[in-house]
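S.K.: Sharing a structure with you now.
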Amino acid sequence: MSDQIYSPSNAFSEKALVSSMNDYRNLYNNSIKYPEAFWAEVADRITWTKKWDNVRDFDFVKGQIKWYEGGKLNVSYNCLDRHVEDGHGNQTALIWEGNNPEEDETYTFNELLHEVQKFANVLKGLGVEKGDRVCMYMQMIPQLPVAMLACARIGAVHSIVFGAFSAESLRDRINDSSCKILITQDTGVRGTKLNIPMKSNADKAVAETPSIQHVVVVQRTGESVDMTEGRDTWWHESMASADAVCKPVEMDAEDPLFILYTSGSTGQPKGVLHTTGGYLVYTSYTHEKIFDYKEGDIYWCTADIGWITGHSYIVYGPLANRATTVMFEGVPNFPDYGRFWDVVDKHKINQFYTAPTALRALMKEGNDHVTSRDLSSLRLLGSVGEPIKEPEWKWYHEIIGKGTCPIVDTWWQTETGGIMLTPLPGATPLKPGSATFPYFGIEPVLLTEEGQEIDGNNVAGLLAIKTSWPGQMRTIYGDHDRFIQTYFAMYPGYYFTGDGARRDKDGYYWITGRVDDVLNVSGHRIGTAEVEGSIGKAIGVAEAAVVGFQHVIKGQGIYAYVTLMTGVDESDDIKASILASVTKEIGPHSKPDVIQFTPALPKTRSGKIMRRILRKIAENELDSMGDISTLADPSIVQKLIKTRPAI
Ligand code: WT7
């Protein structure tokens with residue numbers, strides 16, 4: 001890691017919302033010293049119908065977290081109506097860029113509000129009431145944010161399931177939170193795939209989800225799909241007859257806004273629950289300051305709305321700030337590897353926020369796709385999802401940003417709701433690969449394995465957060481005990497992130513990656529236990545263990561060790577059926593990159609799989625295997641090394 005420092009240019013700093021490290025430090029120190037006064041002032045950026053009684057109340061032992069208790073507001077009102085009332089109804093709120101470069105749509109705040117009110121009435125007509133869960137299984141089409149905001153308007157809780165998940169995953173998520181309605185689309189388009197079977201997957205899922213009463217189907221491609229009479233309705237048909245006025249429901253600050261499933265190291269995915277007031281305050285505040293968002297800017301986050309990045313930084317944060325936000329249906333390499341840059345030029349993007357995995361994939365195609373585009377509208381670049389390493393950081397900075405755009409490397413999680421560690425673009429001197437410093441109000445600490453805080457600089461440990469912030473998740477839906485066990489029990493008094501980090505000599509934070517059995521594959525969070533379970537369902541498989549390994553494009557790849565049942569021979573057919581099983585149980589994004597068959601897994605005498613050894617072999621770090629004497633059968637290690645496939 002180089003020690004080269006990139007300071008913001010004077011030109012950028014002069015106009016920035018936070019323009020010096022002094023300003024950052026003063027405000028930061030104030031936020032930590034007087035958190036209640038600080039967060040009370042920040043919350044004024046949102047319109048409340050009733051002010052809160054109590055700014056914050058949290059107990060990290062019991063996992064009880066409350067912000068702005070007693071306050072009342074509506075998220076859709078804050079994202080739409082208030083901008084219209086302020087005279088900005090004709091400003092563009094949403095730009096939708098289709099998979100096909102010739103397709104795009106724009107929605108003003110007036111238009112978006114109109115759609116949202118109508119769809120809120122459609123939901124009401126289908127019997128949706130405050131507190132009901134509504135599942136969405138969609139690609140990146142404008143009806144997705146419309147449906148989210150419509151839920152928020154009437155107090156329904158949305159649960160979005162990323163469009164690449166399989167019917168089985170969708171079914172399990174619907175059942176976990178007993179959703180009443182499912183919203184989907186006929187088929188989807190992404191890159192060269194022009195017929196992604198959304199409705200037929202939804203049908204398979206809904207066959208085993210007793211709670212679903214109705215399915216609303218957006219006509220995206222016009223492909224013919226089965227419609228079940230009495231259960232299924234077309235979006236456009238119900239919208240045509242829907243009433244145009246729907247008053248926003250007054251919500252408590254702590255009423256749930258959405259559930260979003262994410263993978264952990266064990267068991268089924270967790271339904272991360274976010275609530276209304278704190279989440280909106282936090283996403284809006286971070287979006288403005290970190291992206292230095294100013295009136296008139298066109299802001300594009302390339303994430304999928306099926307993940308938290310899209311929830312917080314395509315929809316809620318930007319719209320609360322009256323930003324013009326862009327959503328993209330396609331992929332970076334269709335029609336060619338210059339697509340992102342075409343979109344930047346076409347819509348004159350000022351802030352561009354993407355993931356390192358996309359940068360690596362584009363970087364390897366050379367610079368011609370970039371230099372043939374203009375890109376002069378870009379003012380700021382962002383990165384999220386995994387550590388951004390020096391080569392892609394420099395490429396991003398020099399080739400995309402022409403050396404003039406600050407890069408904000410933002411560290412956060414589904415659980416944190418919003419960005420936690422980040423540079424402030426007009427203030428922070430950057431070190432490539434470091435997420436630099438905590439955002440206002442955030443108190444990170446490094447802990448030893450025993451839970452002792454590690455003071456000073458030039459140290460490394462487990463990353464934890466000492467006090468609550470408004471965007472923090474409130475519980476795991478339906479399993480508060482698991483919430484406590486997962487995030488608070490191991491290190492009492494702290495929120496434990498699951499990441500390791502280093503604080504360098506200048507106090508900069510460097511995320512070193514997950515310390516649990518969670519992988520980060522192309523910015524997607526994947527639980528090894530889930531992948532193992534889905535491999536185990538393939539016929540002939542006795543046992544599987546999954547670890548990560550360094551992958552040039554994906555960041556981490558998935559390496560699976562598989563033991564077959566006695567009498568079953570290793571074959572390409574078995575490999576294919578393993579991949580098919582993972583695709584069916586979870587989705588194609590969780591397919592292993594490498595499958596190694598082995599007669600046995602390295603286990604201790606008590607039967608525990610020694611993953612440390614499996615990781616070493618996957619990484620081809622064969623000289624540093626460490627102590628293997630506690631294995632029940634140490635000879636298995638040599639066998640594994642001998643049969644390791646070349647990667
Ligand atoms: C995990 C959270 C909310 C962001 C999208 C992913 C890793 C995220 C960074 C970064 C290094 C990062 C962490 C974290 N991660 N951003 N800037 N630098 N690592 O959300 O699916 O909940 O995954 O992504 O390991 O724990 P997620």
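Quick note: the coordinates plus some simple rules give every number you see, no bench work behind them. Worth saying up front: this structure is predicted, and the values here are computed from it rather than measured. All Cβ positions, even for glycine, are placed from backbone atoms using ideal geometry, and neighbour counts span all protein chains on display.
S.K.: Only helical DSSP H runs with n ≥ 4 go in: add -39500 (n - 2.57) per run for the chain, normalise by residue count and round the 222 nm mean residue ellipticity to 500 deg cm²/dmol. Can you show the working numbers first?
M.R.: Working: 19 runs with 174 residues, N = 647.
Taking each H run of at least 4 residues, the total per residue is -7500 deg cm²/dmol.
S.K.: Of the options Trp300, Leu614, Val326, report the single residue whose Cα projects farthest towards the positive end of the charge dipole of the chain (beta-carbon charges: Lys, Arg +1; Asp, Glu -1).
M.R.: Toward the positive end, the furthest listed residue is Leu614.
S.K.: Could you tally the net charge around Val541, taking each other residue with its Cβ under 13 Å from the Cβ of Val541, Lys/Arg +1 and Asp/Glu -1?
M.R.: Working: positive: Lys537, Lys575; negative: Glu532, Glu543, Asp569, Glu570, Asp573, Glu585.
Charge balance in the 13 Å sphere: -4.
S.K.: Could you calculate the contour length gain from Ala37 to Glu450, that is, 0.36 nm times the residue separation minus the distance between their Cα atoms, to one decimal place in nm?
M.R.: Going from the current span to full extension adds 145.3 nm.
S.K.: Among the trypsin sites (Lys or Arg not before Pro) in the stretch 357-446, which ones are in a DSSP loop with at most 14 other Cβ atoms within 10 Å of the Cβ? Mind listing them? Intermediate results must be reported in sequence, preceding the final value.
M.R.: On the way: sites: Arg360, Lys364, Arg373, Arg379, Lys389, Lys394, Lys402; in loops: Lys364, Arg373, Arg379, Lys389, Lys402.
Answer by residue number: Lys364, Lys402.
S.K.: Shifting gears a bit: Give a quick list of GluC sites (Glu not before Pro) in the stretch 204-254 that DSSP marks as loop, anything other than H, G, I, E or B, with at most 11 other Cβ atoms within 10 Å.
M.R.: Within the stretch 204-254, the qualifying GluC sites (Glu not before Pro) (loop, at most 11 other Cβ atoms within 10 Å) are Glu229.
S.K.: Can I ask one more? So in the chain, what percent of DSSP beta bridges are antiparallel if you round to the nearest 5? Don't skip to the end; give the middle numbers.
M.R.: Numbers: 60 of 99 bridges.
If I count the DSSP bridges inside the chain, around 60 percent turn out antiparallel.
S.K.: So between Arg25 and Glu250, what do we pick up on full extension, going 0.36 nm a residue minus the alpha carbon distance?
M.R.: Details: separation 225, 0.36 × 225 = 81.00 nm, distance 3.68 nm.
Result for the pair: 77.3 nm of gain on full extension.
S.K.: Please give the charge dipole size of the stretch 320-390, origin at the Cα centre, charges +1 on K and R Cβ atoms and -1 on D and E Cβ atoms. Round to the nearest 20 debye.
M.R.: Details: 9 positive and 9 negative charges, 53 e Å.
For this selection, approximately 260 debye.
S.K.: Between the DSSP loop rule and a limit of at most 16 other Cβ atoms within 10 Å, which trypsin sites (Lys or Arg not before Pro) in the stretch 117-146 are left?
M.R.: Working: sites: Lys118, Lys124, Lys130, Arg133; in loops: Lys130.
In loop regions of the stretch 117-146 (DSSP not H, G, I, E or B), the sparsely surrounded trypsin sites (Lys or Arg not before Pro) are Lys130.
S.K.: Another question, then. Taking the Cα centre of the stretch 462-603 as the origin and placing charges on Cβ (Lys, Arg +1; Asp, Glu -1), which of Ile535, Val546, Thr486 is farthest toward the positive end of the dipole?
M.R.: Going by the charge dipole, the pick is Thr486.
S.K.: Please enumerate, by chain and number, the lysines with C-alpha under 28 Å from the C-alpha of Lys348, excluding those fewer than 8 residues away in the same chain.
M.R.: Lys15, Lys193, Lys289, Lys294, Lys364, Lys389, Lys394, Lys402, Lys431
S.K.: I've got another one for you. Which net charge results when you count Lys and Arg as +1 and Asp and Glu as -1 among the other residues whose beta-carbon is under 11 Å from that of Leu375?
M.R.: +1
S.K.: Check cross-link reach from Lys118 to the aspartates and glutamates: straight Cα distance under 20 Å, and skip same-chain residues fewer than eight apart.
M.R.: Of all the aspartates and glutamates, those that pass the test against Lys118 - Cα under 20 Å, at least 8 places apart if same chain - are Asp81, Glu85, Glu105, Glu129, Asp132, Asp232, Glu237, Asp243, Glu250.
S.K.: Assign unit charges at the C-beta atoms only (+1 for Lys and Arg, -1 for Asp and Glu), then state the dipole size of the stretch 94-212 relative to its Cα centre in Debye, rounded to the nearest 20.
M.R.: On the way: 12 positive and 15 negative charges, 89 e Å.
That gives a dipole near 420 debye.
S.K.: Shifting gears a bit: Using Cα pairs closer than 8 Å and at least 6 residues apart in sequence, work out the relative contact order for the stretch 1-133, in percent.
M.R.: Values: 103 pairs, mean separation 16.4, N = 133.
It rounds to 12 percent for the stretch 1-133.
S.K.: If R0 is 35 Å, what FRET efficiency do you get for Asp57 and Asn367 from their C-beta distance, rounded to 0.05?
M.R.: So, using R0 = 35 Å, E works out to roughly 0.10.
S.K.: Turning to a different aspect of this structure: What does the charge count near Ala489 come to, summing +1 for each Lys or Arg and -1 for each Asp or Glu among other residues with Cβ under 14 Å from its Cβ?
M.R.: Details: positive: Lys62, Arg482; negative: Asp59, Asp479, Asp481, Asp516.
Here the charged neighbours net out to -2.
S.K.: Write down the percent of antiparallel bridges among all DSSP beta bridges whose residues are both part of the stretch 252-376, to the nearest 5. Write out the running numbers ahead of the final one.
M.R.: Details: 6 of 12 bridges.
Of the beta bridges lying entirely in the stretch 252-376, close to 50 percent run antiparallel.
S.K.: Which length gain, in nm to one decimal place, applies between Ile539 and Thr47 when the Cα-Cα distance is subtracted from 0.36 nm times their residue separation? Don't skip to the answer; put the middle values down first.
M.R.: On the way: separation 492, 0.36 × 492 = 177.12 nm, distance 5.64 nm.
That pair, Ile539 and Thr47, stretches by 171.5 nm at full extension.
S.K.: OK, next. Run the reach check for Lys642 against lysines, Cα to Cα strictly under 17 Å, same-chain hits fewer than 8 apart removed. What comes back?
M.R.: Within the straight-line cut-off, Lys642 pairs with Lys616.
S.K.: Follow-up question, since we're still on this one. Relative contact order of the chain, please, whole-number percent, based on alpha carbon pairs below 8 angstrom and at least 6 residues apart.
M.R.: Working: 1419 pairs, mean separation 87.2, N = 647.
Relative contact order, the chain: 13 percent.
S.K.: Where the only charges are on Cβ atoms (+1 Lys, Arg; -1 Asp, Glu), what is the dipole of the chain about its Cα centre, to the nearest 20 debye?
M.R.: Values: 64 positive and 82 negative charges, 165 e Å.
Result for the chain is approximately 800 debye, rounded to the nearest 20.
S.K.: Now for a separate question. Order the peptides 608-615, 585-592 from the highest to the lowest mean number of other Cβ atoms within 10 Å of their residues.
M.R.: Values: 608-615: 17.4, 585-592: 20.5.
By packing density, highest mean first, the sequence is 585-592, 608-615.
S.K.: Compare the Cα positions of Gly71, Phe109, Leu17 along the charge dipole of the stretch 1-152 (+1 at Cβ of Lys, Arg; -1 at Cβ of Asp, Glu; about the Cα centre) and return the one farthest towards the positive end.
M.R.: Toward the positive end, the furthest listed residue is Gly71.
S.K.: Glu102 versus Gln550, label points 7 Å from Cα toward the beta carbon: distance in nm?
M.R.: 4.6 nm
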